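Read-outs throughout are calculated quantities, based only on the coordinates presented, and are distinct from any laboratory measurement. Remember, it's a predicted structure, so these values are computed and weren't measured experimentally. No Cβ is skipped: glycine too gets one built from the backbone with ideal geometry, and neighbour counts run over all protein chains shown.
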Amino acid sequence: MTHALVRVYGKVRGHLDAYSVADHLVPELISNPRWIPELEAEALPLQRIFLAEKWIVARLHYGHVDPREAGAGNIVNCGAAMYMAPVGLVNAADPQAAYAEALDVAGAHQSSYGREAAGVFAAAVAAACVPGATPASVVETCLSLAKDGTRAAIDAVCETAVGHRDFESALAPLREAVAPFDTVGPDYRAPSLGARRPSRLHAIEELPIALGMLLVADGDYRHAVLGSVNYGRDCDSIATMSGAIAGALHGERAVPADWATTVGEASRLDLHAPARTLSEVAREVFAHDTARRRRHEAAFATLAGRP
């Protein structure tokens, strides 16, 4: 899903919204076969993604639902948040813009705290791009933007995380801190009856834990990812988020070269191409945004009677 969203940015060369999901992301999922490592074959991405992501195709391609409302009714989980890192990078160093754009994009996929998490995660990646950013400043930005249960969960988990410097000792305390906000329950494979339903009191588990692991690791990519993986439960999504933020903090040098080589070869992926695309698009978007802002400034100055 992340790679597909990068390809959409490469095609649009500008900001995305819920309509971009309908017009570009859905065709990426149902029209273009890709190498799927788990299947060891070329297949449509639709054949690999989970039901919560297939929802996008069912609602937009077959149901012709308004893209801005298509996420309503889907299970509320981390499905939208997990691939929002590109939104943060296109809006690098502008967390509020990343938050707003991700909420719009995710509206085609998720609602409630699942959609909120998508916005906050994109903001975290954008905040990590600010010169001089630290794990603490990223979390502070997230807390300034997050709403309702998402904010409360991040606050609780990160308050616990600052007391740990190794992920082994942090695993149980972080789970205990997020448990009151998590609707899935203690048995991840047997969710509770109230799981994944809209709520203003709850949060997805993955984002708060990813931010907590980022603090435990003090922003170190390897430590954050290993801690996330060893947390268990939905650990691939947690590692995706903590790794994306740590990578945004420190750049390519943060990622172990042997990891990138092994994953790239095993998955038959060029892991540098998406980065080049996002870098190019981010520069183009910034130039367009700057020009638009200057036009607005000039128009408002005239409106206000200033020379």
(message) Show me the helices (runs of 4 or more DSSP H) entirely contained within the stretch 33-106 in which 3 or more residues are under 16 Å from the mean Cα position of the chain (by Cα) and of a type in the set (A, V, I, L, M, F, W, C).
(response) 85-90, 95-106
(request) Give the number of residues within the stretch 114-137 that are more than 14 Å from the chain's Cα centre (by Cα) and surrounded by 24 or more Cβ atoms within 10 Å (Cβ to Cβ). (result) 1
(message) Take residues that are among the polar types (S, T, N, Q) and touching a residue at least 12 places away in the same chain (Cβ under 8 Å) and tell me which of the helices (runs of 4 or more DSSP H) falling wholly in the stretch 189-307 contain 1 or more.
(response) 221-231, 235-250, 257-267, 273-303
(request) Give the number of residues within the stretch 12-47 that are closer than 23 Å to Val90 by Cα and surrounded by fewer than 15 Cβ atoms within 10 Å (Cβ to Cβ). (result) 2
(request) Please state which one of Ser242, Ser267 is among the polar types (S, T, N, Q) and farther than 14 Å from Gly88 by Cα. (result) Ser267
